[in-house]
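Below: one structure, written as structure tokens.
The values are calculated or read from the model by the stated rules, or taken from the named source; none is laboratory data. Owing to the predicted nature of the structure, the values given are computational and were not obtained by experimental measurement. Note that we place each Cβ from the backbone using ideal geometry, even for glycine, and neighbour counts take in every protein chain shown.
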Amino acid sequence: MSINFSRLKMYRTQSGMTQEQLAEKLNVSRQAVAKWERGESTPDLDSCIKLAELYGITVDLLVRDIGKEAHDGDGKHVFGLANVNSKGQITLPSNCRKIFGINPGDTMLILGDEDKGGIALVRMGNMLGKLPGRKKE
């Protein structure tokens with residue numbers, strides 16, 4: 001497992017906080033936050049727990065470079081995180097689109113399991129563009 005705090009700035013900016021505001025919430029200096037974001041130092045465990053709680057994520061997601069782990073060829077991937085925008089849309093990481101051959105205009109079947117709290121996407125190709133009388137978008 002690799003520890004990597006490279007996403008600290010991303011989480012902070014997505015939460016709409018300045019370094020000063022975050023530092024105040026964590027009872028640390030703004031300079032400490034800046035050093036964490038530049039990779040010059042790392043937050044202590046207590047700060048990691050507070051950061052994860054502030055951002056609504058797990059400590060694991062905070063400290064691991066999800067999506068960069070070695071792939072052992074079993075066909076299973078962790079592509080990383082994607083945010084949902086205000087329209088409910090996500091952008092799939094480029095390596096995900098490449099591996100699964102997902103192209104603009106492709107139709108995606110969306111499946112969900114409420115008990116497991118998961119959603120799955122299945123590439124169906126460009127089905128909608130092939131229907132009679134329908135223009136490609």
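Does at least one position in segment 97-112 carry a residue that is outside any loop (DSSP other than H, G, I, E, B), of a type in the set (Ser, Thr, Tyr), over 29 Å from Gly16 (Cα atoms) and modelled with pLDDT of 85 or more? Walk me through it before giving the result.
Looking only at segment 97-112, we keep the residues that are outside any loop (DSSP other than H, G, I, E, B), and these are 97-99, 107-112.
Next, from what is left, pick out any that are of a type in the set (Ser, Thr, Tyr): 107.
Now narrow it down to the ones that are over 29 Å from Gly16 (Cα atoms): 107.
Still in the list and also modelled with pLDDT of 85 or more: 107.
Yes, segment 97-112 contains at least one residue that is outside any loop (DSSP other than H, G, I, E, B), of a type in the set (Ser, Thr, Tyr), over 29 Å from Gly16 (Cα atoms) and modelled with pLDDT of 85 or more.
Being among the small types (Gly, Ala, Ser) and modelled with pLDDT of 85 or more is the filter; apply it to segment 50-96 and report the residue that is nearest to Leu22 (Cα to Cα).
Of the residues in segment 50-96, the ones among the small types (Gly, Ala, Ser) are 52, 56, 67, 70, 73, 75, 80, 82, 86, 88, 94.
From what is left, the residues that are modelled with pLDDT of 85 or more are 52, 86, 88.
On the way: Ala52: 12, Ser86: 24, Gly88: 27 Å.
Step by step, filter segment 50-96, then rank; the result is Ala52.
Which one is nearest to Lys76 (Cα to Cα) among residues in segment 86-109 that are touching a residue at least 12 places away in the same chain (Cβ under 8 Å) and of a type in the set (A, V, I, L, M)?
First, pick out the residues of segment 86-109 that are touching a residue at least 12 places away in the same chain (Cβ under 8 Å): 92-93, 95-96, 99-103, 105-109.
Filter once more, so that each one left must be of a type in the set (A, V, I, L, M): 92, 99, 102, 108-109.
Values: Leu92: 16, Ile99: 11, Ile102: 17, Met108: 19, Leu109: 19 Å.
Among those that are touching a residue at least 12 places away in the same chain (Cβ under 8 Å) and of a type in the set (A, V, I, L, M), it is Ile99.
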